[in-house]
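The values are calculated or read from the model by the stated rules, or taken from the named source; none is laboratory data. Everything numeric in this text was worked out from a predicted model, so none of it was measured. Heads up, the Cβs are rebuilt from the backbone with ideal geometry, glycines too, and the neighbour counts pull from every protein chain shown.
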Amino acid sequence: DSGVTQTPKHLITATGQRVTLRCSPRSGDLSVYWYQQSLDQGLQFLIQYYNGEERAKGNILERFSAQQFPDLHSELNLSSLELGDSALYFCASSLEGGNSPLHFGNGTRLTVT
Amino acid sequence: ELKVEQNPLFLSMQEGKNYTIYCNYSTTSDRLYWYRQDPGKSLESLFVLLSNGAVKQEGRLMASLDTKARLSTLHITAAVHDLSATYFCAVDIRNYGQNFVFGPGTRLSVLP
């Protein structure tokens with residue numbers, strides 16, 4: 001158990017809808033990262049937050065947004081969903097400034113129909 | 001832009017055989033991690049390599065890092081079926097104001 005909690009585990013929704021994925025980092029970790037993993041795209045970095053502030057942005061679509069709250073949990077909002085958004089979405093956390101790897105949650109499997 | 005390559009991308013091997021997976025990266029970093037992912041599951045941290053010449057071993061897996069060559073290897077000794085998974089390397093460039101960059105993954109299948 002990595003200590004990173006993601007909910008929900010599975011999400012099935014229709015095109016055009018909006019969903020929110022939630023992540024609680026490991027105790028003590030201030031950084032939260034979001035990744036998308038689809039079959040043909042590998043592991044794609046979306047966005048990172050550190051202690052409530054956006055730290056880095058990757059290949060995140062404008063339809064997607066995220067935030068990190070004062071209690072350090074993070075939410076990834078996906079809107080105007082398309083079939084191609086179907087993927088596994090992972091949250092990971094780490095210590096910042098230390099020689100610490102990312103610790104991944106179990107992911108949310110999103111299916112857009 | 002940092003690029004991380006893995007070779008091979010697909011590997012099918014017999015039980016009992018040895019093999020090496022290579023991870024090359026294109027910029028300076030002295031921190032590299034290896035992860036394992038079973039199908040549909042999360043990524044599990046295997047090795048943390050934090051300096052040039054670092055070598056870590058766990059069971060039948062051994063990882064090493066050569067920062068001058070910008071190369072890490074994951075060596076598999078006497079493979080068993082339970083090692084079947086996808087292995088990712090990830091280069092840590094947070095010291096350079098950036099982030100983690102993952103390789104494309106090597107899908108390993110160990111056949112009985």
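Given the structure, is residue B:30 surrounded by 21 or more Cβ atoms within 10 Å (Cβ to Cβ), within 14 Å of chain A (Cβ to nearest Cβ), over 28 Å from residue A:10 (Cα atoms) and not hydroxyl-bearing (Ser, Thr, Tyr)?
No: the conditions fail for residue B:30.
Quick one: residue A:79 ticks every box in (1) in contact with an Asp or Glu (Cβ under 9 Å, 6 or more places away or on another chain); (2) more than 15 Å from residue B:42 (Cβ to Cβ); (3) not β-branched (Val, Ile, Thr) except a single one, so which number is it?
It fails just one condition, (1).
For the structure I just gave you, tell me whether residue A:84 is free of Cβ contacts under 8 Å to residues at least 60 places away in the same chain, touching a Phe, Trp or Tyr at 6+ places or on another chain (Cβ under 7 Å) and surrounded by fewer than 18 Cβ atoms within 10 Å (Cβ to Cβ).
So residue A:84 fails the test.
Take the range A:101-113 and flag every residue that is more than 8 Å from chain B (Cβ to nearest Cβ) and part of a loop (DSSP other than H, G, I, E, B).
Listed by number, the list holds a single entry, A:113.
Looking only at the range B:71-112, how many residues end up being away from chain A (no Cβ under 14 Å), crowded, with 22+ Cβ neighbours inside 10 Å and hydroxyl-bearing (Ser, Thr, Tyr)?
0
Does residue B:51 qualify as being of a type in the set (Gly, Ala, Ser) and modelled with pLDDT of 95 or more?
Spelling it out, it is not the case that residue B:51 is of a type in the set (Gly, Ala, Ser) and modelled with pLDDT of 95 or more.
I need the full set of residues from the range A:53-99 which are touching a Leu at 6+ places or on another chain (Cβ under 8 Å), within 12 Å of chain B (Cβ to nearest Cβ), outside any strand (DSSP E or B) and more than 22 Å from residue A:110 (Cβ to Cβ), in order please.
Correct list: A:95, A:96, A:99.
For residue A:26, work out the one condition from (1) touching a residue at least 60 places away in the same chain (Cβ under 8 Å); (2) out of contact with any His (no Cβ under 8 Å at 6 or more places or on another chain); (3) part of a loop (DSSP other than H, G, I, E, B) it doesn't fulfil.
(2)
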